[in-house]
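**Q** Handing you this structure, nothing more for now.
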Amino acid sequence: MNEYDSDFLAQSLISSGFSPVDNSKYADIILINTCTVRAKPEQKAFSLLGRMSELKQENPGLIMGVVGCLAQQKGHELMKRFPQLDFVMGPRDLGRIKEVLRRIDTDGEKIVATDLEPGPPQPVTCQGYFGGRVTGYLSIMEGCNNFCSYCIVPYVRGREISRSPEEIMIEAKNLISEGIKEITLLGQNVNSYQWEGVEKWDFVSLLREITKLDGLLRLRFTTSHPKDLSEQLIQCFGDLDKLCPHIHLPFQAGSNPVLERMKRGYTREKYIELIEKLRTVRSDIGITSDVMVGFPGESEQDFDMTLNLIKRVQFDALFSFKYSDRKGTLAAEMGD
């Protein structure tokens, strides 16, 4: 999702007459796109901001901003801690980037734009931007309604808002016209995509429509939530030739008591059942996942159950993370 947001910002600026530079020393504007899902990327952002302060001293006219989830969560705190910043902007305000830069240039004001009300920004596709790339990202929705007990995403990305199928199809066609052959559909939980207009759309109907586009060779999507993985979506892996045989399906823990405290909405047994159904429909499907260790209250027995699930499923790749408290979440108040 952050790569998509960065592409959006870059194309927005290019369409306004700006050009990218290879060295930050020669930049007139620096945007730092951030993540706050875990503590480590947050710490990296703070470290980078500290180093970037020297550039501001050398070039007082440099405009520097922090965008993304860290900006949404700690906007005013960032402005106080790093006075060299000119603005911070949350994920749902990215469509205001031109307006914000204009206000800074005209009035010299410091701006905190962290409004969760605006919807996803309108797509911008600059001719030649992708420069020979064959893969591209396309956001179909923004936000999350799941409120897993450890997750900060609903608080910094807001509630779910789906983009219209018409808008998605236009952006997909634009990507294809720029030479993109493989598109990855993005969302915090793509399975819950829904749109009600003249016709009612869900994620399955969207997949089926996009795969009809001429010039598109491959289609992927991420991320999926196990509790929303329907039989119809699973069947798409058998029906749609352009849909790559791969799914990223985070399980997070292999212990039912831990899954319950995480508020994941499924059991260990249900997850294994979904994996079996996926492999029945498409025997060569690649399955990757996320797992978290050290969740509050996790026992040795809970941990062993997680290891057991990993051995049983035999994932093609696994992203493992150590639990870190996210202020404002239920898990942060649980204690160990």
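Every number here is computed from the coordinates shown, using simple stated rules; none is lab data. In this text, all values refer to a predicted model and were calculated from it rather than measured experimentally. Cβ coordinates were reconstructed from backbone atoms using ideal geometry, including for glycine residues, and neighbour counts include every protein chain displayed.
**Q** Multiply the residue gap between Leu48 and Tyr26 by 0.36 nm, knock off their C-alpha separation, and tell me the result in nm, one decimal place.
**A** Extra length available between Leu48 and Tyr26 comes to 6.2 nm.
**Q** If amide hydrogens are placed 1.01 Å from N in the peptide plane, which non-local residues have theirs closer than 5 Å to the one on Leu243?
**A** Leu219
**Q** Hey, another quick one. Non-local amide H neighbours of Ala113 (under 5 Å, H modeled in plane, Pro and chain starts lacking H): which ones?
**A** For Ala113, the qualifying residues are Val88, Met89, Gly90.
**Q** Taking only Cα atoms and a 10 Å spring cutoff, compute GNM fluctuations for the chain and point out the largest among Thr223, Thr106, Thr267.
**A** Thr106
**Q** Can you tell which of Asp93, Asp290, Asp107 shows the greatest fluctuation in a Gaussian network model of the chain with Cα springs below 10 Å?
**A** Judging by the Gaussian network model, the answer is Asp107.
**Q** To the nearest 0.05, how large is the calculated FRET efficiency for Glu231 and Ser6 if R₀ is 35 Å and r is the Cβ-Cβ distance?
**A** 0.50
**Q** To make sure I understand, if each residue's beta carbon is the centre and we count other beta carbons within 10 Å, what order do Met64, Met89 fall in, fewest to most?
**A** On the way: Met64 21, Met89 26.
If I rank by nearby Cβ atoms, fewest first, I get Met64, Met89.
**Q** Hey, another quick one. Between Ser320 and Phe147, what length comes free when the chain is fully extended (0.36 nm per residue of separation minus the Cα-Cα distance, one decimal in nm)?
**A** Numbers: separation 173, 0.36 × 173 = 62.28 nm, distance 2.03 nm.
Length difference between fully extended and current span is 60.2 nm.
**Q** Among the lysines, which fall within straight-line cross-link reach of Lys311, defined as a Cα-Cα distance under 28 Å, with same-chain neighbours fewer than 8 residues apart omitted?
**A** Hits, sequence-local ones excluded: Lys40, Lys227, Lys263, Lys270, Lys277, Lys322.
**Q** Right, next: Which whole-number percentage describes the relative contact order of the chain, with Cα contacts under 8 Å and a sequence gap of 6 or more?
**A** RCO, the chain: 13 percent.
**Q** With 10 angstrom as the radius, rank Arg163, Arg51 by how many other C-beta atoms surround their C-beta, starting from the fewest.
**A** In order of increasing Cβ crowding within 10 Å: Arg51, Arg163.
**Q** Please give the length that would be gained between Asn59 and Val293 if that part of the chain were fully extended, namely 0.36 nm times their separation in residues minus their C-alpha to C-alpha distance (nm, one decimal).
**A** Between Asn59 and Val293, full extension yields an extra 79.8 nm.
**Q** Measuring from a point 7 Å past the Cα of Glu167 along Cα-to-C-beta, which residues in the range 213-255 have an amide N at less than 18 Å?
**A** Counting backbone N atoms under 18 Å from the label point, the list is empty.
**Q** Oh, and also: In nm, to one decimal, how far is the Ala39 label point from the Lys311 one, both placed 7 Å along Cα→Cβ?
**A** Output for this residue pair reads 3.0 nm.
**Q** Okay, moving on. Using only the Cα atoms of the range 73-114, build the gyration tensor, take square roots of its eigenvalues as a ≥ b ≥ c, and label the shape rounded, prolate or oblate: rounded if a/c is under 1.5, else prolate if a/b is larger than b/c, else oblate.
**A** Oblate is the answer for the range 73-114, as a/c is 1.5 or above yet b/c matches or exceeds a/b.
**Q** Out of residues 5 or more away from Tyr150 or on other chains, whose amide H comes under 5 Å of its own, with H placed 1.01 Å from N in the peptide plane?
**A** When sequence neighbours closer than 5 places are left aside, the close amide H contacts are Ala331.
**Q** Hey, another quick one. For Thr114, Thr36, which order do you get if you count the other beta carbons within 10 Å of each Cβ and list the fewest first?
**A** Thr114, Thr36
**Q** State, to one decimal in nm, how far the label point of Gln301 lies from the label point of Asn256, with both points 7 Å from Cα in the Cβ direction.
**A** Modelled inter-label distance: 1.2 nm.
**Q** Shifting gears a bit: Determine ³J(HN,Hα), in whole Hz, for all residues of the range 184-195 in sequence, where each value follows from phi through the Karplus function 6.51 cos²θ - 1.76 cosθ + 1.60 and θ = phi - 60°; x replaces Gly and Pro.
**A** In residue order, the calculated couplings are 10, 7, 10, x, 4, 8, 4, 4, 8, 4, 7, 9 Hz.
**Q** Give the calculated FRET efficiency between Lys98 and Tyr129 to the nearest 0.05, with a Förster radius of 22 Å applied to their Cβ-Cβ distance.
**A** E between Lys98 and Tyr129, to the nearest 0.05, is 0.85.
**Q** From the backbone phi of the range 139-155, what are the Karplus-calculated ³J(HN,Hα) couplings (6.51 cos²θ - 1.76 cosθ + 1.60, θ = phi - 60°) in whole Hz, Gly and Pro given as x?
**A** Using θ = phi - 60°, the values come out as 7, 9, 6, 9, x, 8, 10, 7, 6, 4, 5, 9, 9, 8, 3, x, 7 Hz.
**Q** Still on this structure, I have one more. If R0 is 22 Å, what FRET efficiency do you get for Ser177 and Ser16 from their C-beta distance, rounded to 0.05?
**A** The computed FRET efficiency comes out at 0.55.
**Q** Related question: Which residue, Gln43, Gln72, Gln84, tops the fluctuation ranking in a GNM of the chain built on C-alpha contacts under 10 Å?
**A** Gln43
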